[in-house]
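Here is the structure we will look at, set down as structure tokens.
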Amino acid sequence: MTFEELGVRDDLLRAINDLGYLAPMPVQECVIPHLLNEESDVVALAQTGTGKTAAFGLPMLQRVDTSTRATQALILDPTRELCLQTASDLADYAKYIDQLSILPVYGGSSIESQIRALGKGVQVIVATPGRLLDLIKRKKVKLEQVNTVILDEADEMLNMGFVDDINEILTHVPEQRKMLLFSATMPKEIADIARNYMHDPKEFVIGTRNESSSNVKHIYYMVRANDKYLALKRIVDARPRIYGIVFTRTRAQAKEIADNLIQDGYNADALHGDLSQAQRDAVMKKFRERNLQLLVATDVAARGLDVDNLTHIISYALPDDNDIYNHRSGRTGRAGKTGTSICIIHSREQRKLKAIEKHIGKTIERREVPGPEEIIEKQIFALTDQLERVEVKEDEIAAYLPPVLKKLSWLSGEDLLKRLLSLEINRLLDYYRDAPVLDLPEKTERGRDKGDRKARGKREKDSRVAENGYERVFINVGKGDGFFAPDLIRMINQNTHGPQVGLGRIDLLGSYSLFDVRLGDAHRVISALKNLDYFGKRLYLEMAQEGKDYAGTGGNAPLKRNRAERRRAEREAWSDDLEFEPRRRGRSGKPRPHNRKGKAEELPFAMFRKKDGKKKDKKRK
Ligand code: AMP
């Protein structure tokens, strides 16, 4: 069964497709066609995590007439959290419907601003009962045209003492409306509401939610090994409210990733065997109390940690033992919540991934690493959400408000909002401008098989073709000029300003070289290095052109460096721009350099290749 077959409209289909909903969940199969096609009301025994929001949300949105601003649907939720969550889910579903507005109204937040928003007319109201009743009494909501009423988590509303409020609210909505009641249990008071207010309700009982693993979504991203950290950051950036554990293979990796995340401004910390018991306790306490969003840990270190509300588990490295994957992913999707288990793999880990899929009996779906657009959109929504939720302490701000109001009086509300958003968004825009695609193309998915090796060989020969997400640059010096990768890196580091240049593959030829830089960085590199002097030879760079014959365009430098000079220059390059940290390992198993900012991911893989067939000087520091 597909959503289309259930009768869901195209614009809604597009939105749920964006969310990655592939097939309807059982509650959706029951409720959607009923609400779209049948007259009678619905009572559904379904819990959180069963997909009930889309079950009532999609058909409800489909029934809204956007040619009028009159309120047509009313959803009651027990708590402000749930109210905001429901409104946010509905907004996701409605993103392709023009002129549709959804407003959450709940206690503990300024009623004045809610009244102002209601004044503009909203077709869908998601409310907590107490606040809605308050608004009804002040005559600020008009419910005469409501045609759908949904009681979400009715038993929770009962537990919170809202039954009288609900009964009163229901007297204010028209007799002729569809009503849906969702509840995990059916106590007498809820059954009474159904009997008193619903017409010939059809009952659906949806399976329990605690079939633990069914609450966990399994997805994976496939990137180059060198891009794993970049991918991790993007995955986290696209989930601003993430609360999860990043699993690594070794304690050194846990420490390295946590350090990098902290340096890059994330709320993360590491849990590994090198910490003292007191340090471990402190980290775990911080994480349990949600003062820490991301815990980077090895499987062994995370053993003693029992936390219920994790939203995500990220396997930065796949475990060797499939059972360990089960333990990892079983840490999310608990206590009726849903969770996602994410694997970040490189192409050679595909076989392992397949074995895990077989072991858990589920498909691990491939996803594309979030791009700038998605990340910025998610961050804007998170900020908007924060703006809605922030507690305004009137007394605390009273003293500061008048001068601020005076200073900003020339700005309209919209201008202020734009500036507020820009404060956050500009940083992201700067970071993600021209960010490359990190996903490995399908054709490399066969990993190390013969065909792939062949393809790689071909690509390496045709050195004018850049890797995915990179651009190739030609430079008129090569090995014959004593020009090697460290020279290139040093020159780039010393002569470019602004964000670090992302370097990729470097192919050194006799009289010229070709190298990859991340999309968007090429012109900066070309103009920084062009016309510099390299041992008496004026440098020339351009975008590498496919099909152009570069042989002979470089020529030899008038002053060729001898071997000793070359090694000295190379050593200087390493010590100037790079630190050598023996624990880091490159693909080839050799220690991997990183710059002082610890941004190992931006450094070129080509650097780690042995160029002269000799071991690198161990004393290099
Ligand atoms: P709910 O019970 O509405 O809180 O939904 C539980 C979770 O399931 C939410 O994270 C939804 O985004 C997700 N969800 C709902 N319907 C589907 C579906 N058909 N396919 C995949 N995920 C879904």
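Every number here is computed from the coordinates shown, using simple stated rules; none is lab data. The shown structure was predicted, so the numbers you read here are calculated from the model rather than taken from an experiment. Quick reminder, even Gly has a Cβ in these numbers, built from the backbone with ideal geometry, and neighbours come from all protein chains shown.
Tabulated values for the structure
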{"read-out": "Qualifying chymotrypsin sites (Phe, Trp or Tyr not before Pro) in the range 220-252, DSSP loop, other Cβ atoms within 10 Å at most 11", "value": "none"}
{"read-out": "Debye-sum result for the range 102-164 in log10 I(q)/I(0), which assumes one identical scatterer on each alpha carbon, at q = 0.18, 0.29 Å⁻¹", "value": "-0.67, -1.44"}
{"read-out": "Distant-in-sequence amide H partners of THR298 (H built 1.01 Å from N, under 5 Å)", "value": "THR248, LEU271"}
{"read-out": "Exposure proxy order (Cβ contacts within 10 Å, fewest to most) of ILE492, ILE32", "value": "ILE492, ILE32"}
{"read-out": "Cα gyration tensor category, rounded, prolate or oblate, for the range 463-557 with a/c compared to 1.5", "value": "oblate"}
{"read-out": "For the range 216-372: rounded, prolate or oblate by the Cα gyration tensor [a/c cutoff 1.5]", "value": "rounded"}
{"read-out": "Gain upon complete extension [ASN196, ASN17; 0.36 nm per residue less C-alpha separation]", "value": "60.6 nm"}
{"read-out": "Charged-residue dipole, Cβ positions (Lys, Arg, Asp, Glu), the range 463-557 about Cα centre, Debye nearest 20", "value": "140"}
{"read-out": "Euclidean distance between Cα centres, the range 238-303 to the range 121-193, Å", "value": "43"}
{"read-out": "Coil-residue chymotrypsin sites (Phe, Trp or Tyr not before Pro) of the range 298-392, DSSP, other Cβ within 10 Å capped at 12", "value": "none"}
{"read-out": "Three-way shape label, the range 378-432, alpha-carbon gyration tensor, a/c 1.5", "value": "oblate"}
{"read-out": "Dimensionless Rg/Rh of the range 3-205 - Kirkwood Rh, Rg from C-alpha atoms", "value": "0.93"}
{"read-out": "At most 14 other Cβ within 10 Å, DSSP loop - GluC sites (Glu not before Pro), the range 356-440", "value": "GLU368, GLU391"}
{"read-out": "At R0 = 41 Å, FRET efficiency that the Cβ-Cβ distance of ILE219 and TYR400 yields, to 0.05", "value": "0.35"}
